[in-house]
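The values are calculated or read from the model by the stated rules, or taken from the named source; none is laboratory data. Please read all numbers here as calculations on a predicted model, not as lab measurements. Here the Cβ positions follow ideal geometry from the backbone for every residue, glycine too, while neighbour counts run over all protein chains shown. The area values use the complete protein model at the heavy-atom level, side chains included, leaving out ligands, DNA and RNA. Shrake-Rupley method; radii C 1.70, N 1.55, O 1.52, S 1.80 Å.
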Amino acid sequence: MARVVDAVERDGMSALERPSVVRWGQSAYETDEHLALEERTAKELGLSWKAYPTSSEPPDLTDVGALVVTSKVEVDASVLARFEGSLVLTTTSGFDHIDRAAAVAQGIQVGRCPMARRDPVVEHSIGTLIGLLRRLPAQQDAARAGRWARGEVLGWTPVSLSDAKVLVVGLGVIGSRVAELLGHFGVEVWGTDPVGVPADVRAVDLDRALPQVDAVTLHCSLNDTSRGLLSANRIGRLQPHAVIVNTARGALLDVDAAVAAVRDQELGGLAVDVFPEEPWPGLENAARVPGVWLTPHASGVDRSLGARVATEVGASLTAWAKGDPLPHPVSVSTSG
């Protein structure tokens, strides 16, 4: 059967003749009202709509033009083989749950929704970065032990942002905003990204930069070249006072090696929001290490997330239905 086209004349069409949108999956932060907003946008565009919020099995994708999924839905080659449409859209910023190579081979566009989470993730990244550089965990631990540690603080090498060199790895939607805001704080921002580095960021080589920076914050996508990017060897090249923040993808970082480095005082601090396996089996033991902050893949979550996702899904469906470029297409070179 021929692929469903992106834009068609809809006046006088029956429901069966209209291009269909399937929403597969529903995240905990999304209410039925949020999905209803997406449905309303689709119907205003003349598209039919079906939702399978709790289905673990692939729904019928016959004659479906667009497939909207959450990160819990694996859109692999077997799913795409049954898909006759032209758009797969993930409600998330990350997209490693979609087989992009298979999508490209079938002429399917892949889109994502990074703006819904951008500001919360940026705030979380910068907030934990400041806390670690200022040695807040050590100061809190001392207070918890009943110790007035003012005389010890200098020995912990606290670093202010205006005196810091921070390496931003990945300068896509989120990383570029982190770099921009850090610049306003007076940070000397260094960056690396295969696609390019903004003019106000110092472009550097990762391995040469590691021994010179005070912090590394990860914001790149996960692919064959970035998997295991911050290995034990590279973590060992950082200065003992340096800190690492990862709010991007779990498999970018050797979490065990990073936790061990903090425990052995070979690394100044660690904030991890994403893990190679979730839930992370080493969570409890790692959280006991002073200077390690662990959060449950929640940096992008706030009370308005569901509404922002619905809005961004609607914007992507609108562009697709009108034959316009997607707001945030996914390509091989896309960064976080």
If one compares the long axis through the Cα atoms of helix 115-133 with the longest principal axis of the Cα atoms of the chain, the angle in degrees, nearest 10, works out at 10 degrees
A student applying the Cα gyration tensor rule (rounded when a/c is under 1.5; otherwise prolate if a/b is larger than b/c, oblate if not) would label segment 40-139 prolate
The answer for segment 192-336, accessible area per residue at 1.4 Å probe in Å², is 47 Å²
For Gly269, other-chain or 5+-apart residues with amide H closer than 5 Å (H placed, Pro excluded) are Ile244
In the neighbourhood of Leu37 defined by beta carbon distances under 13 Å, the net charge of the other residues (Lys, Arg +1; Asp, Glu -1) is -3
Amide H neighbours of Gln109 at under 5 Å, excluding residues fewer than 5 places away on the same chain, with H built from the backbone geometry, are Leu87, Val88
Applying the gyration tensor rule to the Cα atoms of the chain (axes a ≥ b ≥ c; rounded if a/c under 1.5, else prolate if a/b exceeds b/c, else oblate), the class is prolate
Charge tally for neighbours of Leu154 with beta carbon under 15 Å away, counting Lys, Arg as +1 and Asp, Glu as -1, is +1
Among Pro194, Trp156, Pro114, the residue whose Cα sits farthest towards the positive end of the charge dipole of segment 76-206 (+1 at Cβ of Lys and Arg, -1 at Cβ of Asp and Glu, taken about the Cα centre) is Trp156
Note, segment 78-84: 3J(HN,Hα) by Karplus (6.51, -1.76, 1.60, θ = phi - 60°), whole Hz, Gly/Pro = x, goes 5, 5, 5, 5, 9, 9, 9
About its Cα centre, segment 64-197 carries a charge dipole, from +1 on Lys and Arg Cβ atoms and -1 on Asp and Glu Cβ atoms, whose size in debye to the nearest 20 is 420 debye
Hits in segment 153-178: amide N under 15 Å from the 7 Å Cα→Cβ extension of Glu123, namely 178
Note: Ser231 to His97 extended length (0.36 nm per residue) minus current alpha-carbon separation gives 46.0 nm
From DSSP H assignment alone, runs of 4+ in the chain each adding -39500 (n - 2.57), the sum over residues rounded to the nearest 500 puts [θ] at 222 nm at -9000 deg cm²/dmol
For Glu57, the accessible surface traced by a 1.4 Å probe with all protein chains present amounts, in square angstrom to the nearest 10, to 120 Å²
The local net charge around Leu305, scoring Lys/Arg +1 and Asp/Glu -1 for residues other than Leu305 whose Cβ lies under 9 Å from its Cβ, equals +1
Heavy-atom accessible area of Thr54, protein chains in place, probe 1.4 angstrom, given in Å² to nearest 10, is 130 Å²
